Amino acid sequence: MVYRRFLCIKDAVASINDKVDLIAVILNFSLPQTTRGTDYVCKLKIIDESHPEIPVHVFAQEIDHLPFVAAVGDIIHLSRVVMRIHEGDVYAIFNKKFSSFALYDGKDVENFQPYQVLLRYEARKHDAMIIAGLRKWLASSHVIDEPNFSLLEEINEVGLVNLVCKVLHICKTTDDKWMAFIWDGTDAPPISIYKKPEDEEHNPLPLHFKPLPSSGHVLHTFPTVGTILRLIFDVECMPYILQLLKVCQWFKLFCVECKLHEGLWYGVFTSYSKIRDIPNVDILILERQSNYDCRSLGNLDRMPSWSCPWPSKITEVNCSAPFATLMDVLTCQKVRKKFRCVIRFVAVIPWRVEDFRSPDGVYRVKFTLEDPTARIHAYSYAEDGEKFFNGLSTGGLKRKLKELLGVPKSDDDGQEEIEGGARNPPWVQCCLKSHSIKWRRWIFDTKLVG
């Protein structure tokens, strides 16, 4: 086997079965996977000015010995890789026994220090000149063609999506899977609910797809405007992912599966998904951060974007407090505070209006409320319940409750329900008061309009 020093890719593909050195731009890379034995493997696609892309298969005995590529467009120096051909396709094999690599930033024109090297890697005096040439070529070419990225507010169906999000927290779930809380400052769309209201008592809607962080300190660091998406990692290479992910940093996420659970959005990161680091000055980050800064400072901007131009008139409130989100309610550390929210009523216990009062005539009703930031339970109790239900007759209250919960109707008169139809509760105003010691929220200064 001949060992050839540095070759461009065009010459390397003609050197089958030889060891070569390559310096090229990374077009794509996969997450590590285990081989049929005890090794790990990841796959790269590289390109230079001389030739279209070729694959590189990198094998290592330890996952830490694989390249941790920070971003597409970075530059890799591969030393002593073997050129192979299979069914007419040429590729390079990185042998764990004698190959080595170094990774360089693809955009930093002044830095020629690698950000990751394998121990046996040896730099050469001409490497900097080659890397500088690749950076110049990369800046003037269009070889890095990234797909479009969606905002969370643009998700409209179950399927694959590319996102740019900030990682707020990483933890393990109760079923021992890793999960990240991710956010981009926008409101994910509301979801129709197929569960019947009368099923709530025995099969209640969950407040979360997965629980909030058990630490109150962590919860209080979360932004209070915009949907926080739970992202489940369904991959083998979590040590690799955990080294890439950093809390409070932004990332590009490719081919994330968006799914639904009981009217709640969540994401799944699979072996087909990819993650990329992203610099803080990237325009995609600046746009998202600017949007959030405007929303967090404004009053009307704290309303769900899906409630525009104004919430339904089903309820009236007698509260002059500024608008707040349900995450504002959850993270409030004051013992007592009042909030004015725009929310959806998605469930109620009890379901029968005849059971809303206790035997001694006191209202005691538990509602499930949601907005793009959270779901919570809130209670309509005693005198506040009298005001909320506004003296409506039993028949009038039944009709108003179905309207509030979005029960679908099959005719214009609203007399006939659609059996098994999707519920789409309207956005309405509601005033809440919290008691952080008892961890309960009560509906007050709000009434149903007959």
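So what are the ³J(HN,Hα) numbers for segment 242-259, from phi and the Karplus equation (6.51, -1.76, 1.60; θ = phi - 60°), rounded to whole Hz, Gly and Pro as x?
Result, ordered by residue: 5, 6, 7, 6, 9, 4, 6, 10, 8, 9, 8, 10, 10, 6, 7, 7, 8, 9 Hz.
Run the numbers for Gln243 and Lys195: contour at 0.36 nm per residue of separation, minus the present Cα-Cα distance, in nm.
In short, 13.3 nm is gained.
From the phi angles alone, apply the Karplus equation (6.51, -1.76, 1.60; θ = phi - 60°) to segment 166-178 and give each ³J(HN,Hα) in whole Hz, x where the residue is Gly or Pro.
Karplus-based 3J(HN,Hα) across segment 166-178 equals 9, 7, 9, 6, 10, 7, 9, 8, 5, 9, 6, 10, 7 Hz.
Rounded to whole Å, give me the distance from the Cα center of segment 366-384 to that of segment 295-317.
Spelled out, the Cα-based centre of one part sits 17 Å from the other.
With 22 Å as the limit, write out which pairs from Lys210/Lys246; Lys172/Lys259; Lys210/Lys409; Lys402/Lys447; Lys166/Lys334; Lys246/Lys274 have Cα-Cα distances beyond it, or answer none.
Table pairs above 22 Å Cα-Cα are Lys210/Lys409; Lys166/Lys334.
With +1 on each Lys and Arg Cβ and -1 on each Asp and Glu Cβ, how big is the dipole of segment 305-448 about its Cα centre, in debye rounded to the nearest 20?
800
Leaving out ligands, DNA and RNA but keeping every protein chain, what accessible area does His261 have, in Å² rounded to the nearest 10, with a 1.4 Å probe?
70
Count the net charge of all other residues whose Cβ sits under 11 Å from the Cβ of Leu31, scoring Lys and Arg as +1 and Asp and Glu as -1.
Computed value for this residue: +1.
As a test question: what accessible area, to the nearest 10 Å², does Ser192 have when a 1.4 Å probe is rolled over all protein chains in place?
40
Where Rh is the Kirkwood radius over the Cα pairs of the chain, the temperature 10 °C and the viscosity 1.306 mPa s, what D in µm²/s does Stokes-Einstein return?
Roughly 63 µm²/s, to the nearest whole number.
Using only Cα atoms, figure out Rg for segment 239-356 and give it as a multiple of 2.2 N^0.38 Å.
Cα-based Rg divided by the globular estimate yields 1.45.
Determine, at each q value in 0.17, 0.20, 0.28 (inverse angstroms), the log₁₀ of I(q)/I(0) that the Debye formula gives when each Cα of segment 68-132 is one equal point scatterer.
-0.67, -0.86, -1.23
Treat each spin label as a single point 7 Å out from the Cα along the C-beta direction, and report the Gln61 to Val41 distance in nm.
1.9
Rolling a 1.4 angstrom probe over the protein chains, ignoring ligands and nucleic acids, what is the accessible area of Ser320 in square angstrom, nearest 10?
Result for Ser320: roughly 120 Å² accessible.
Before I look further, what does segment 9-141 give for accessible area per residue, probe 1.4 Å, in whole square angstrom?
Result: 50 Å² of accessible area for each residue.
Accessible area per residue of segment 152-297 at 1.4 Å probe, in Å²?
That works out to 46 Å² per residue.
If you average over every viewing direction, what projected area does the convex hull of the Cα atoms of segment 152-297 give, in nm²?
Projected area, direction-averaged: 9.9 nm².
If I compute solvent accessible area with a 1.4 Å probe over the protein chains, what percent of it on segment 209-254 is carbon and sulfur?
56
To the nearest µm²/s, what D does Stokes-Einstein give for segment 9-141 at 25 °C and 0.890 mPa s, using the Kirkwood radius over alpha carbon pairs as Rh?
165
With a 1.4 Å probe and all protein chains kept in place, how do Asp199, Asp89 rank by accessible area, largest first?
Asp89, Asp199
Please check which bits of segment 36-55 a label hung off Asp145 would reach, taking the label as a point 7 Å along Cα-to-C-beta and the cut-off as backbone N under 17 Å.
45-49, 51-54
As an exercise, use a Förster radius of 35 Å and the Cβ-Cβ distance of Asp282 and Thr34 to find the FRET efficiency, rounded to the nearest 0.05.
E between Asp282 and Thr34, to the nearest 0.05, is 0.60.
State the antiparallel share, in %, of DSSP beta bridges confined to the chain, rounding to the nearest 5.
90
The values are calculated or read from the model by the stated rules, or taken from the named source; none is laboratory data. No experiment lies behind these values; they were computed from the predicted model shown. In this analysis, Cβ positions are derived from the backbone assuming ideal geometry, glycine residues included, and neighbour counts consider all displayed protein chains. Quick note on the areas: whole protein, heavy atoms, side chains included, nothing else; ligands and nucleic acids left out. Shrake-Rupley method; radii C 1.70, N 1.55, O 1.52, S 1.80 Å.
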